[in-house]
Amino acid sequence: MVLKRQFTMIEPLPIPPDIIVALHFISATPPLFHWMLYVQSNVEDGFKFHATQTNNRNFVYEKASFTLCSSRRISAAAVVGRLNTHTLCDLHNILKRIPVNIIPHVDIAREPQFSCRVWVREAVRRLHAEGFLDCPDVDALEQEMWHYGRISASEIRRGVFTKATLYTALSARAT
């Protein structure tokens, strides 16, 4: 199924039920993004899964309706997997168990503090372990996403950014 919308802010359009890592634009200089997972659930919209900060600066896990195709804040995204035999409920049940505000043991040496990016790294690890996607090297996926984000940030700085690109990740794929 291909989504057909007259007003889109990303190309190509996501195909349900792709699992996507999306970068929500915060700053071009330096490049800074809010990291999230997204699943296109139907023709119109889907769900974002992310660690978001509350007013007291603590992070909380959130699953929320979201329309990636029309978001003006998404600067880059990449398909990292597909739900195939799993459901949104299965995905949510794994992601909601990821501790927030705690750096995963495997990342303690490289991360000074917890962030949405750290949460996405752990989410991808767990989805890999549970067979939702194949991503044996989370570091490579992170570097790939930074590359895509920097391309968008450069276009934003130069005033030529028109819409996000949905890439097919090289470091992750559907199982």
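The values are calculated or read from the model by the stated rules, or taken from the named source; none is laboratory data. A quick note: this is a predicted structure, and the numbers were derived from the prediction, not measured. Methodologically, a virtual Cβ is constructed for each residue, glycine included, from the backbone with ideal geometry; neighbour enumeration extends over all protein chains shown.
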*Answer with yes or no whether Arg117 is of a type in the set (Lys, Arg), within 17 Å of the chain's Cα centre (by Cα) and at pLDDT below 95.*
no
*Quick check: anything in segment 102-119 part of a helix (DSSP H, G or I), surrounded by fewer than 18 Cβ atoms within 10 Å (Cβ to Cβ) and β-branched (Val, Ile, Thr)?*
yes
*Can you spot a residue in segment 18-38 that is hydroxyl-bearing (Ser, Thr, Tyr), surrounded by fewer than 19 Cβ atoms within 10 Å (Cβ to Cβ), more than 13 Å from the chain's Cα centre (by Cα) and within 28 Å of Gly131 (Cβ to Cβ)?*
no
_Residues of segment 107-127 that turn out to be more than 22 Å from Thr165 (Cβ to Cβ), of a type outside the set (A, V, I, L, M) and without any contact (Cβ under 8 Å) to a residue 24 or more places away in the chain, as a count_ = 6
*Neighbours by Cβ (under 9 Å, 6+ apart or cross-chain): first from segment 56-70, in contact (Cβ under 8 Å) with a residue 60 or more places away in the chain and farther than 20 Å from Leu13 by Cβ; second of a type in the set (Val, Ile, Thr) and surrounded by 10 or more Cβ atoms within 10 Å (Cβ to Cβ)*: Phe59/Thr52; Phe59/Val100
*Which ones in segment 59-84 are more than 27 Å from Ala28 (Cβ to Cβ) and either polar (S, T, N, Q) or under 14 Å from the mean Cα position of the chain (by Cα) (or both)?*
Tyr61, Lys63, Ser65, Gly81, Arg82, Asn84
*Please name all residue pairs, on different chains or six or more residues apart, with Cβ atoms under 9 Å, provided the first residue is in segment 149-175 and is more than 9 Å from Ala76 (Cα to Cα) and among the aromatic types (Phe, Trp, Tyr) and the second residue is in a helix (DSSP H, G or I) and modelled with pLDDT of 95 or more.*
Phe161/Ser152; Phe161/Ala153; Phe161/Ser154; Phe161/Glu155
*Out of all the residues in segment 86-95, is one or more assigned to a strand (DSSP E or B) and at pLDDT 95 or above?*
no
*Output the residues belonging to segment 63-80 that are assigned to a strand (DSSP E or B) and surrounded by 16 or more Cβ atoms within 10 Å (Cβ to Cβ).*
Lys63, Phe66, Ile74, Ser75, Ala76, Ala77, Ala78, Val79, Val80
